[in-house]
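Colleague: Below are the structure tokens for one structure; questions will follow.
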Amino acid sequence: MVELAQPKAAVYVPAAMLGCVTEKETSVAVTASLCWMVTRRRENSLMKRELPWEPSSPIEVTPSEYEKQVVSWLEEAEGKLAGFSVQHLEKLRGSAGEYVIDAVAKFKIFEGVEIAVLVECKKLKRPVERDVVMILKGKMQDTGSHKGIIFSTSGFQRGAIEYAAEQGIALITFVDGRHTYVTRSAEEVPHAFLPPDLPKYAGFWATPTDTGFSVSTISTRGVDKLKQWLTH
């Protein structure tokens, strides 16, 4: 688990903004301004890397492969849960009608009490907003389900993460497995230099803390966070 504080943007002031610039100082001012622009772009790039739950370039993955990987993680997190099963594209009926859910995981606790987990896989052009999480919460209540998870290739807005944490809903950003290595570096890492044993896909699970967010990683290397969440 990695603890990330909220990034604080530094303030850069180009030399040209500090006052009147003489003709002789023009080249210096222009150079300073260009340096400011480069520094600012670099800072923005670094800040994006510090927000793994909100990727700037969502992964390209087919819907079937996306959902297949999610189901695989759920099955791996099964552990010793009694009666564990995962159904893809499950139909559930509620008082407001019938819902088609991307995946529904079920297992039993306390000698027979069945727990249902609704799982949604989102492929949107922008980070998932709070209202999407609220809709899932409504489906959970209407169908009598106990838990909910949203996977997203485009990440989540801060408001969505905070609301989900209050409601006990898991939000996991679905990314290329190489990000489990690249996010440790401030610079881009060429593919040729990446370790050969990186997972194909991974998930970044962000939860609010007093100082920012904590981020847990889910991949074929380990699903401990998901396993713990399912049983609590």
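The values are calculated or read from the model by the stated rules, or taken from the named source; none is laboratory data. Everything numeric in this text was worked out from a predicted model, so none of it was measured. Using ideal geometry, Cβ is built from the backbone for each residue, glycine included, and neighbour counts are taken over all protein chains shown. Heavy atoms of the whole protein, side chains included, go into the accessibility calculation; ligands, DNA and RNA do not. Shrake-Rupley method; radii C 1.70, N 1.55, O 1.52, S 1.80 Å.
Colleague: Going through Val70, Val133, Val61, Val119 one at a time, which residue ends up being closer than 28 Å to Lys200 by Cα, modelled with pLDDT of 90 or more and more than 15 Å from the chain's Cα centre (by Cα)?
Modeller: None of the others qualify; the one that does is Val61.
Colleague: May I pose another question? Would a scan of segment 118-126 turn up a residue that is under 27 Å from Thr62 (Cβ atoms) and touching a Gly at 6+ places or on another chain (Cβ under 7 Å)?
Modeller: Yes - at least one qualifying residue is present in segment 118-126.
Colleague: I would also like to ask the following. Out of the residues in segment 109-131 meeting the condition of being open to solvent by 30 Å² or more (accessible area, probe 1.4 Å) and of a type in the set (Val, Ile, Thr), tell me which one is nearest to Gly144 (Cα to Cα).
Modeller: Result: Val113.
Colleague: OK, next. Identify all residues within segment 154-181 that are open to solvent by less than 10 Å² (accessible area, probe 1.4 Å), out of contact with any Pro (no Cβ under 7 Å at 6 or more places or on another chain) and either within 15 Å of Thr217 (Cα to Cα) or at pLDDT below 65 (or both); write none if there are none.
Modeller: Listed by number, the residues that qualify are Ala170, Leu171, Ile172, Phe174.
Colleague: Which pairs turn up if I take residues in segment 191-209 that are over 12 Å from Val223 (Cα atoms) and modelled with pLDDT under 65 and look for partners that are open to solvent by 40 Å² or more (accessible area, probe 1.4 Å) and in a loop (DSSP other than H, G, I, E, B) with beta carbon separation below 7 Å, at least 6 apart in sequence or on another chain?
Modeller: Leu194/Arg178
Colleague: In segment 90-114, what residues are touching a helix residue (DSSP H, G or I) at 6+ places or on another chain (Cβ under 8 Å) and in contact (Cβ under 8 Å) with a residue 60 or more places away in the chain?
Modeller: Ala105, Phe107
Colleague: If we keep just the residues of segment 202-212 that are buried (at least 19 other Cβ atoms within 10 Å of the Cβ) and out of contact with any Asp or Glu (no Cβ under 8 Å at 6 or more places or on another chain), which is farthest from Glu75 (Cα to Cα)?
Modeller: So the residue we want is Ala206.
Colleague: Let me confirm something: among Val117, Val133, which residue is touching a residue at least 12 places away in the same chain (Cβ under 8 Å), under 19 Å from Val70 (Cα atoms) and either among the basic types (Lys, Arg) or in a helix (DSSP H, G or I) (or both)?
Modeller: So the residue among Val117, Val133 that is touching a residue at least 12 places away in the same chain (Cβ under 8 Å), under 19 Å from Val70 (Cα atoms) and either among the basic types (Lys, Arg) or in a helix (DSSP H, G or I) (or both) is Val133.
Colleague: Can you name the residue in segment 73-108 that is in a loop (DSSP other than H, G, I, E, B) and over 25 Å from the mean Cα position of the chain (by Cα) and, of all such residues, is modelled with the lowest pLDDT?
Modeller: Among residues in segment 73-108 that are in a loop (DSSP other than H, G, I, E, B) and over 25 Å from the mean Cα position of the chain (by Cα), the one modelled with the lowest pLDDT is Lys80.
Colleague: Do we have Gln141 as in contact (Cβ under 8 Å) with a residue 60 or more places away in the chain, polar (S, T, N, Q) and part of a helix (DSSP H, G or I) here?
Modeller: Taking the combined requirement at face value, the residue does not satisfy it.
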